[in-house]
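Quick note: the coordinates plus some simple rules give every number you see, no bench work behind them. Everything quoted here is computed from the prediction, not taken from an experiment. Cβ: placed from backbone, ideal geometry, glycine included. Neighbour counts: every protein chain shown.
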Amino acid sequence: MITLLLIFFPLVAGLLLLFVKGPQVKTLALGAAILEFAIAVFALGHFHQDATTQFEWNYAWVQSLGITFHVGIDGISMLLVLLTTFLVPVIILTSFKTEHKNPSAFYSLILIMQMALVGVFVSLDGFLFYVFWELALIPIYFICLLWGGEDRARITFKFFVYTLAGSLFMLGGLIYLYLHTPGGHSFDIAALYSAGQSLDVVHQGYVFWAMFIAFAVKMPVFPFHTWQPDTYTTAPTQGTMMLSGIMLKMGTFGVIRWLLPLAPLGVEKYANLAIGLAVFGVVYASCIAIVQKDFKRLIAYSSIAHVGLIAAGILSMNTQGVQGAMIQMLSHGVNVVGLFFIVDLIQKRTNTREIAALGGIRNVNPQFAFLFLIVLLGSVALPLTNGFVGEFLLLNGVYQFNPWMAGFAGLSVILGAVYMLRSYQSIMLGETNGITSSFAPLEKSEKAVLLIICAAIIVFGVFPKPLTDIVSPAVDQLLAGLRVALGH
Amino acid sequence: MKALVLLSSLGVIALLAEIFSFKKLLYPIVLLGLVTAFVLNVFDWDTNHTYYKMMQYDNYAVAFTGVIIVVAFLWFIMAEGFFKEESNLTDHFALVLFALVGAVMMVSYNNMAMLFLGIEILSIPMYILAGSSKSDISSNEAAFKYLIMGAFATGFLLFGIALIYGATGSFDLSEIADAVSAGTASTAIFSVGVLLMLIGMAFKVSAAPFHFWAPDVYQGAPTVITAFMSTIVKTAAFAAFLRLFSTTFMEVSGTWMNVVWVMAALTLLVGNITAVVQTSTKRMLAYSSVAHAGYMLLALLAGNDYSNSAILFYAAAYSIGSIGTFCIVHIISNAKNGDGVDSFNGLAKTNPFLAVVMTIALLSLAGIPPTAGFFAKYYIFTSAFVAGNVGLVLIAIIASLVGVYYYFRLIIAMYFKESTSTEAVPVESNHKLLLLFIAIIIIVMGLFPDFVIKLL
């Protein structure tokens, strides 16, 4: 029941919000998002920390085709539901000092998107998963189209077509597996798992590519990333946060739940190539990030680098890799929202995002400089910040797969430090100039967002155990199942 | 069958209205008649009546008749303005109602003669209706083109029927099927007959390369008639096509499968790609209607347990989405004196309601969840997958992506482009209700498709 509430509460709230006019829209949206977070925390309170799927709800949806409305939460889903429900109120809070035209539609779309995202993370039926997966695309498309920046029509359309093309391959893969389920066919996750694992290595390879392309576009992994920098740059700040903080995790989550157990032999067969692409993307995106002049674009590229490492860790199919990916998905979500918020703060005060044009903000606003520094250190994975735990585990996981690739991927830590610290230096330190001399102090809501994010960075950096405890039984069970399927 | 009788009598009543001058009452009478016809049709469910071996009212016929009547009811609400011109009022009613009679015959025939009669009863009113805005030269052109091309197609169809009669000695579908399975029909004459009938049917459903009439006729005809042609006529033609080829001619699928494969691929590609470059929304929707025929051909080609139900669902989803889009195009082109894509600029600001319904209908036509169009496409793809037509499914997937491009051009125009005028387009309240209903039904069919697909 609580799963249904988690899915449909944001939808109902979002639709009701459409009928609200006036300035209280923001507050109501924030209230709804906080309530949703409270529901998620309540679910966590009743969650048994073992490998079972809990709060299940299975309802025959399209009976004649074996499609069910089957949802449930295990450790992996729990962590991502927590991330989603935690980030959405933060994201809404970041917009408190921004005046969007037609705010009721804006916040309504954000909440409807939250519904689809939660739906993706709790689906246990292939068809349902696909429907939620596509459903998440429509609100974000309109958020970017209606409230985005320059040249948004072309850029958001490219984004839409890219992801839709990837998804259609996934649909093909799912239908293929569905037709291999016994009897009257079923989309239930267990039936799809056994159908996928009963295929031979060649056919599992086909399934791997059909599914992997969809996830690779969403994350994005090199060479499917070309939509991402433009879209992240053009989207309104909150849209970028939804995309990078949460929506990207649909891709990595998809690989864990809907790729590894569906085609383990296929993953094993093509792991070298896929991890190679991911690792190459890590270094490639880091190098491009170094030469960016626009700070928002730089963070967009850094996101490609981070997510490439996550993908590599998952595909290496060992405990450290998958466990690290789960932690890093959470940390990356929090950190990237923080970074994009900082970009937004700077842009609102100086009307520019160009790194070279800024400088010396620390002299004017040391408090902001300090909070920025914490977010930045989390993002370059300094020990005792949340970024460190995940990145360490991920590199360890990739190392077990192939030491050379781990060495190559490890460059990202160095390169990440280079571009992040350099831009910090250029923006915050040095001489104050005409643009930055009047840098206004932080408003209450802005301070609140940064404090929440910094607290999360430090608390989970020092003490990540509560998070790993939620997720590790489920990950262990997943990997044990994979070992059986692979015959190791 | 009762529905058929009722519809025919409604047509006659419409003619009598001129004599006994109750023209004003005709519109409510027809709406009431359609509701009654639907109810009567429901009572035919599971009865499987046969009428002198000419018509067979099996569940297939009842389901398609149901879809046709529902779409016709929506169409009448959309086209209310079409029935307001004083001079031709009764003609319009009678012609449309007789066309519906033809459509119902086409989904329930059991004899080649009935198929031919149904097609002609449907087509002849359509030739006239396409030219019904008499002073408009492109409407005249449309009627003329449609008549000439339609006559050719009918010629092919009749020739095909004649050859099949020659090979099997019967017009009766089941007797032809018996002759086919007994092996007595495996002559060249029979194969040629099947192919000629295929051409005739492909013309009626506007499948490439027999689609050339469609864009001109759809664009030239009054918008309401275009809506009728691209929904009811197409549904009936597909039902007739499927009824013939999935049962009687299934045994000789070797003769026509490859032809239909090529046709489906061509239709998907030509329809979708040509639609991209259109600037007139009506013409764009005409090409999109050609493209949708391609998707339905996929299910026809699959020829398995899913086919009937997949085509029924697709036809219903597509027709309802089309009525919605054509209704809005009709409203906009009347208000702005043009149906170019740019006349939709800024609609989200001036008429947010129209823009939202249009978006839902276009998303459904493009096949994006959670709309009816998505489930329809999914179902068609599954049916083609089961039949092993993976190559065709890949083509269809690429074609759908191209489809997204032109449907989204309208969406981008509505939400992104600035309008030249800030005045809202006036919308009548019955159109508002209709559009609201269509938007709801598109979502409901997408979320709960079971109530349609378990029919067949």
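Computed over neighbours whose Cβ is under 11 Å from that of A:Gln367, the net charge equals +1, Lys and Arg +1, Asp and Glu -1. Considering every Cα-Cα pair within the range B:319-417, what fraction, in whole percent, is farther apart than 18 Å? Summing the P(r) of the range B:319-417 above 18 Å gives 51 percent of all pairs.
Please report the spacing between the Cα centers of the range A:422-468 and the range A:227-246 in Å, no decimals. Between the Cα centres of the range A:422-468 and the range A:227-246 lies a distance of 19 Å.
Taking each residue as 0.36 nm, the span from B:Leu394 to B:Ala151 lengthens on full extension beyond its C-alpha to C-alpha distance by 83.9 nm.
Looking at chain B, identify the longest residue range that excludes and avoids all GluC sites (Glu not before Pro) in DSSP loops having at most 13 other Cβ atoms within 10 Å.
Maximal segment without exposed cleavage sites: B:87-417.
Kirkwood hydrodynamic radius computed over the protein assembly as shown comes to 29.7 Å, based on all pairs of distinct alpha carbons.
Using the 10 angstrom Cβ neighbour count as an exposure proxy, how do B:Asp136, A:Asp50 rank, fewest first?
Ascending Cβ contact count within 10 Å gives the list A:Asp50, B:Asp136.
If you plug the beta carbon distance of B:Val35 and A:Asp151 into 1/(1 + (r/R0)^6) with R0 = 41 Å, you get a FRET efficiency near 0.20. Over all alpha-carbon pairs in the range A:180-300, figure out the percentage whose distance exceeds 24 Å. Value for the range A:180-300 (Cα pairs over 24 Å): 38 percent. If you plug the beta carbon distance of A:Ala190 and A:Leu382 into 1/(1 + (r/R0)^6) with R0 = 56 Å, you get a FRET efficiency near 0.85. For a straight C-alpha distance cut-off of 29 angstrom, the lysines reachable from A:Lys269 (same-chain residues fewer than eight places away being disregarded) are A:Lys218, A:Lys249. What base-10 log of the normalised intensity I(q)/I(0) is obtained for chain B from the Debye formula, alpha carbons as equal point scatterers, at q = 0.07, 0.09, 0.14 Å⁻¹? Taken in order of the listed q values, log10 I(q)/I(0) reads -0.32, -0.54, -1.38.
With all pairs of separate Cα atoms included, the range B:262-314 yields a Kirkwood hydrodynamic radius of 11.5 Å. The residue list B:Ser132, B:Ala335, B:Val205 was ranked by how far each Cα lies along the charge dipole of chain B toward its positive end, using unit charges on Cβ atoms, and B:Ala335 comes out on top. Once both labels are positioned 7 Å from their Cα atoms along Cα-to-Cβ, the gap between A:Gln367 and A:Ala480 label points is 5.1 nm. Residues of the range B:80-102 falling in the label zone of B:Leu16, defined by backbone nitrogen less than 19 Å from a point 7 Å along Cα to beta-carbon, are B:89-99, B:101. With the biggest extent put first, the Cα atoms of the range A:367-488 measure 66, 33, 19 Å across the principal axes. Straight Cα distances below 15 angstrom link B:Lys145 to the aspartates and glutamates B:Asp136, B:Asp216, with same-chain residues fewer than 8 positions distant left out.
The C-alpha atoms of chain B define a longest principal axis, and helix B:59-78 lies at about 20 degrees to it.
With charges set only on the Cβ (+1 for Lys and Arg, -1 for Asp and Glu), what does the dipole of chain A come to about its Cα centre, in debye to the nearest 20?
1060
Estimated translational diffusion coefficient (Stokes-Einstein, Kirkwood radius over Cα pairs, 25 °C, 0.890 mPa s) of the range A:39-130: 165 µm² per second.
Round to the nearest 10 and give me the degree value, 0 to 90, for the angle of helix B:352-366's Cα axis relative to the longest principal axis of chain B. Roughly 20 degrees between the two axes. Once the Cα-Cα distance is subtracted from the 0.36 nm per residue extended length, the A:Ser437 to A:Thr226 segment shows a gain of 72.3 nm. Beyond a 28 Å Cα-Cα separation, which of these cross-linked pairs lie in this structure: B:Lys23/B:Lys432; B:Lys204/B:Lys282; B:Lys2/B:Lys432; A:Lys26/A:Lys158? Table pairs above 28 Å Cα-Cα are B:Lys2/B:Lys432; A:Lys26/A:Lys158. Look at the dipole of the range B:160-271 built from charges on Cβ: of B:Ser253, B:Ile189, B:Thr231, the Cα furthest out on the positive end belongs to B:Thr231. The chymotrypsin sites (Phe, Trp or Tyr not before Pro) found in the range B:1-90 that occupy coil by DSSP, while having at most 15 further C-beta atoms within 10 Å, are B:Phe22, B:Trp45, B:Tyr52.
Taking a point 7 Å out from the Cα of A:Ser445 in the direction of its Cβ, the residues of the range A:84-99 whose backbone N falls within less than 19 Å of it are A:86-99. Each 5 Å bin, from zero up to the one with the longest distance, holds this percent of the alpha carbon pairs of the range A:251-336: 3, 15, 22, 24, 17, 10, 6, 2, 0.
Taking the centroid of alpha carbons for each part, the range B:281-359 and the range A:82-159 are 26 Å apart.
Over every Cα atom in chain A, the radius of gyration and the widest Cα-Cα span, Dmax, amount to 21.5, 73 Å. Measuring gaps between exposed loop sites in chain A (GluC sites (Glu not before Pro); DSSP loop; at most 15 other Cβ atoms within 10 Å), the longest gap, sites not included, is A:151-430. Roughly what would the spin-label model give for B:Lys53 and A:Val418, points 7 Å off Cα along C-beta, in nm? Result for the modelled spin labels: 8.6 nm.
Using a 7 Å offset from the Cα along the Cα-to-Cβ direction at both A:Asn58 and B:Val276, what is the distance between the two label points in nm, to one decimal? Inter-label distance under the simple model: 4.5 nm.
Taking the Cα atoms only, what angle lies between the long axis of helix A:366-379 and the longest principal axis of chain A, rounded to 10 degrees? With rounding to tens, the tilt is 20 degrees.
Across the range A:288-342, Cα-Cα pairs farther apart than 17 Å form 41% of the total.
Note that the range A:145-240, at 25 °C in a medium of 0.890 mPa s, gets a Stokes-Einstein diffusion coefficient of 164 µm²/s from its Kirkwood radius over C-alpha pairs. Computed from the Cβ-Cβ distance with R0 of 35 Å, the FRET efficiency linking B:Val42 to B:Glu80 stands at 0.85. Placing unit charges on the Cβ atoms of the charged side chains and taking the dipole of the protein assembly as shown about its Cα centre, the candidate lying farthest along the positive direction among A:Phe127, A:Phe401, B:Ala179 is A:Phe401.
What shape does the range A:281-389 have by the C-alpha gyration tensor, where a ≥ b ≥ c are the square roots of the eigenvalues, rounded means a/c under 1.5, and otherwise prolate means a/b greater than b/c and oblate the rest? Note, shape of the range A:281-389 comes out prolate.
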